[in-house]
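Each remark here refers to the structure printed beneath this line.
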Amino acid sequence: MSAKDNGVPSGQSAKQDQLDQFRSDATDQPMTTNMGLKVNDAGNSLKAGIRGGTLLEDFWLREKINHFDHERIPERIVHARGSAAHGVFELYEAIPQFTKAGIFNDVGRKTPVFTRFSTVAGSKGSPDLARDVRGFAVKFYTEEGVWDLVGNDIPVFFIQDAMKFPDLIHSVKPEPDREIPQAQSAHDTFYDWVSLTPEALHNHIWVMSDRGIPRSLRMMQGFGIHTFRMINDEGVAHFVRFHWNPVQGTHSVTWDEAVKINGADPDFHRRDLWDAIDAGQFPEWELGLQIIPEEDEHKFDFDLLDATKLIPEEMVPLQVVGKMTLNRNPDNFFAETEQVAFLPTHLVPGLDFSNDPLLQGRLFSYRDTQLSRLGSVNFEQIPINRTLAPNHNDQRDGHMQMSVPKGKTAYFPNTLGGGCPFLTSQKEGAFESYTERIDGNKIRARSESFVDYYSQPALFYRSLTDWEKAHTADAYTFELGKCTYPHVQKRMLYQISQIDEALAQQVAEGLGLEVPDSVDGPVNQAISADADVEKMQPPKKKIYLDKSDALSLTFRMGSKGIATRQIAVLAADGFDAEDFTAMTDKLKAENAVVKIVAPHGGTITCSKGHDHEVFSGIMMTESVLFDAVYIPGGKKSVDALLKKAKYKKFVDEAFMHCKAIAVDGEGIQLLKATHVGEYMDDDKAVFVDGKPQAFVDAIAQHRNYDRMEVAKMVPA
Ligand code: HDD
């Protein structure tokens, strides 16, 4: 299928032109063997007699089964579960003062991108709504080469040094003896490790907050996390941190929804991303930079090289420089989303690394992992990974070499090949590593400037709204409640108490435990036999900023509208056509997705006798899959709804999850038959009789979290 006719606007670009050369399309084509031999039978093997044994001669059978036997490649060791899309990055303003990178200077350029979102811990087939960090990896196909910004949706990482990465992942993955639990951090080995590794607490509290369960991949931020460098034409460097902010706003679901969505639609995020792009509702993110002059490196209360620390936006504001739009779904999941290989070492002139010890380790890991995952040193030749920049060197051969290099020479220097490929200078566009003065002892240790583990998780927690705080406490309680070793639970409670005593107290109450005043042994366990463990114990938390508004989900919660929001219309035969049209015309005009949930599939008839297509029968769907609920009037319709208990559960759940609800006419009878009836009078997101605009405004707010206290009373 070509880029033009897959039903979505093509988002054609130089990268799409390149991919077009590899796309194949079987429409109107005969079936053939791999060698193009036409075949006349795809269901019977070649036999010695109609009931006889299969012949070894059957090359068609062997080709088909042999290919099938080798279809799987190892899943990613982390971030195995992912979804991706093509798009474009456009620059708003050139920043030559900071970097010479073409992508940040050429305002007219539309740089093609391929972006893959993922969960971290689960396997390839795990559910989307696991409580987890989300990967946010962007491949920019720039004119100068590929730049991969391989980030996450949380601005800080679990650990400070790559040396600990295998320990972190081994602790969170299913336990090795019985391979459970899948895609969950709520188990003993993870908390044994976290409670001994307080540098993980900052990332961890983000995951315990609603950030760990986003409403949509389109509605989360992205962060490059590490401090990188930008280098300008004069060779002057600035430190930089990268932020992606979703134009759709930042939104999450509640834990109760997440648990239920995982059962009702384990592909919820993948489907949501695909459907939005397919409908032409292209998700967008603005790229913001936090730029720090090199001379300011030591001006902060934390170390810029420490990936467990964020730089509050109040200290270094974001400079928004451009926008990414995802405008095209992949044609083939395996060829594109699975085979795409992101490497932090893929970068372009004008950008460079810092000495962040986590980043430095990543510079080794990603190329290494592609070799076992994709099986060959030639993985960069796979279509989705190919650069748009012309590329020539003397690297040759290897499994699945796809190009046919001409000439006699594959070495440098040479005269027999005319000295080609030849070297270029920095001025001619060559990449050169930033010249950084290094003066120090070779040492296997950690800088004391990294030993502050509680200040920033505490800042994060202080910056949350009350409802975010309540959700965070619930999450800690749930997760620790799954641990079976009391000493692990207690050590974790102690760690939480160092962040916030009231939070620890709340969690302890839920667990039926006491918050300990101290724990046996150092809380930052020796990571080196020679380390002075006492010296490396975290100091009491510092308060260098009372609060950072940008850390709360609410800071970027405002949506531009309700496009792509899923609205359930609960209706049966005889529903009021006028109510329905007034409300749904308004919702559709705002590009919301209106779906009728009827007592059965097929069609239902309105009061005017017209047939309306049903999206789903009530028994085949769940309230958690929708953002809002509308019930039109019509006595016959509402009476039919009242006869099915699932409708009451549907409405109660929507209320409990703080969603907007609107009813017209007799629709109120259904509300009165639910718990909503008891609480609706004072609620600012329950609308009775003909208030389409107010309903739309409430959906755009995502949730009415003011309702949270009463919503807790609803047994749904
Ligand atoms: Fe990593 C994949 C993000 C630290 C080793 N990582 C991977 C992906 C993302 C991240 C988004 C999925 C890419 C894709 O969609 O294919 N990783 C991060 C971030 C980190 C980080 C934001 C810290 C700031 N990672 C990190 C360390 C190591 C790795 C410290 C090892 C020392 N990461 C890997 C890996 C993966 C990977 C094992 C698995 C699949 C892959 O690379 O291609 O090499």
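The values are calculated or read from the model by the stated rules, or taken from the named source; none is laboratory data. Please read these numbers as outputs of a predicted model, since none were measured by experiment. Neighbour counts run over all protein chains shown; Cβ positions are idealised from the backbone, glycine included. In case anyone asks, the SASA skips ligands and DNA or RNA and just uses the protein heavy atoms, side chains included. Shrake-Rupley method; radii C 1.70, N 1.55, O 1.52, S 1.80 Å.
Please arrange 165, 615, 140 by accessible surface area, largest first, computed with a 1.4 Å probe and ligands excluded.
Solvent-accessible surface, decreasing: 615, 165, 140.
Rolling a 1.4 angstrom probe over the protein chains, ignoring ligands and nucleic acids, what is the accessible area of residue 608 in square angstrom, nearest 10?
My reading of the accessible area for residue 608 is about 120 Å².
Put 420, 658 in order of accessible area, largest first, 1.4 Å probe: what do you get?
Highest to lowest solvent-accessible surface, that is 420, 658.
Return the percentage of antiparallel bridges among DSSP beta bridges fully within the chain, rounded to the nearest 5 %.
For the chain, the DSSP antiparallel bridge percentage is about 75.
Determine the distance separating the Cα centre of the range 279-351 from the Cα centre of the range 654-682; give it in Å without decimals.
The range 279-351 and the range 654-682 have Cα centres spaced 42 Å from each other.
Could you check how much of the accessible area of the range 560-711 is carbon and sulfur, as a whole percent, using a 1.4 Å probe?
For the range 560-711, the apolar C and S fraction of the accessible surface comes to 50 percent.
Restricting to Cα pairs below 8 Å that are 6+ residues apart, what does the relative contact order work out to for the range 46-385? Please round to a whole percent.
21
Can you tell me, using C-alpha contacts under 8 Å and at least 6 residues apart, the relative contact order of the chain as a whole percent?
It comes to 12 percent, rounded to a whole number.
Could you tell me whether the range 46-385 comes out rounded, prolate or oblate from its Cα gyration tensor? Rule is a ≥ b ≥ c as square roots of the eigenvalues, rounded for a/c under 1.5, then prolate if a/b exceeds b/c, otherwise oblate.
Note, shape of the range 46-385 comes out prolate.
Heavy-atom accessible area of residue 586 with all protein chains present, probe 1.4 Å, nearest 10 Å²?
We get 50 Å² for residue 586.
From the Cα gyration tensor of the chain, with a ≥ b ≥ c the square roots of its eigenvalues, which class applies: rounded if a/c is under 1.5, or else prolate if a/b is larger than b/c, or else oblate?
oblate
Any idea what log10 I(q)/I(0) is at q = 0.09, 0.11, 0.16 Å⁻¹ for the range 421-554, Debye with uniform C-alpha scatterers and no solvent?
Normalising to I(0) and taking log10 leaves -0.45, -0.59, -0.93.
Relative contact order for the range 560-711: what is it in percent, counting Cα pairs under 8 Å that are at least 6 residues apart?
In percent, rounded to a whole number, it is 25.
What 222 nm value per residue comes from the helices of the chain, counting each DSSP H run with n ≥ 4 as -39,500 (n - 2.57) and dividing by all residues, nearest 500 deg cm²/dmol?
So the calculated ellipticity at 222 nm is -7500 deg cm²/dmol.
Figure the gain on full extension for residue 436 and residue 371 (residue separation times 0.36 nm, minus the Cα-Cα span) and round it to one decimal in nm.
Working it through step by step, the gained length comes to 20.3 nm.
Using a cut-off of 14 Å between beta-carbons, work out the net charge of the residues near residue 406 (Lys and Arg +1, Asp and Glu -1, residue 406 not included).
Taking every other residue near residue 406 into account, the sum is +1.
Straight-line reach from residue 38: which lysines fall under 27 Å, measuring Cα to Cα and dropping same-chain residues less than 8 apart?
Counting by Cα, and skipping residues close in sequence, residue 38 has these lysines nearby: 47, 64.
Using a 1.4 angstrom probe on the protein heavy atoms only, could you order 173, 644 from most to least accessible area?
Putting 173, 644 in descending order of accessible area: 644, 173.
Dipole size in debye (nearest 20) for the chain around its Cα centre, Lys and Arg Cβ +1, Asp and Glu Cβ -1?
About 1440 debye.
Putting +1 on Lys and Arg Cβ atoms and -1 on Asp and Glu Cβ atoms, find which of 499, 529, 465 reaches farthest to the positive end of the dipole of the range 453-554.
529
Listed highest first by mean packing, meaning other Cβ atoms within 10 Å per residue, what order do 442-455, 201-214, 561-574, 283-296 come in?
201-214, 561-574, 283-296, 442-455
Dipole size in debye (nearest 20) for the range 560-711 around its Cα centre, Lys and Arg Cβ +1, Asp and Glu Cβ -1?
For this selection, approximately 340 debye.
Within the range 431-577, how many Lys pairs sit with Cα atoms under 27 Å apart, leaving out pairs fewer than 8 places apart on the same chain?
14
Just check the range 1-146 against the gyration tensor rule for me: Cα atoms, a ≥ b ≥ c as the square roots of the eigenvalues, rounded for a/c under 1.5, and otherwise prolate or oblate depending on whether a/b exceeds b/c.
Taking the square roots of the gyration eigenvalues as a ≥ b ≥ c, the range 1-146 is prolate.
For residue 603, list long-range residues whose amide hydrogen, built 1.01 Å from N in the peptide plane, is under 5 Å from its own amide hydrogen.
When sequence neighbours closer than 5 places are left aside, the close amide H contacts are 614.
With every protein chain left in place, what is the accessible area of residue 170 in Å² (1.4 Å probe, nearest 10)?
130
So if I average 1/r over every pair of distinct C-alpha atoms in the range 560-711 and take the inverse, what Kirkwood radius in Å does that give?
Final number for the Kirkwood radius of the range 560-711 is 14.9 Å.
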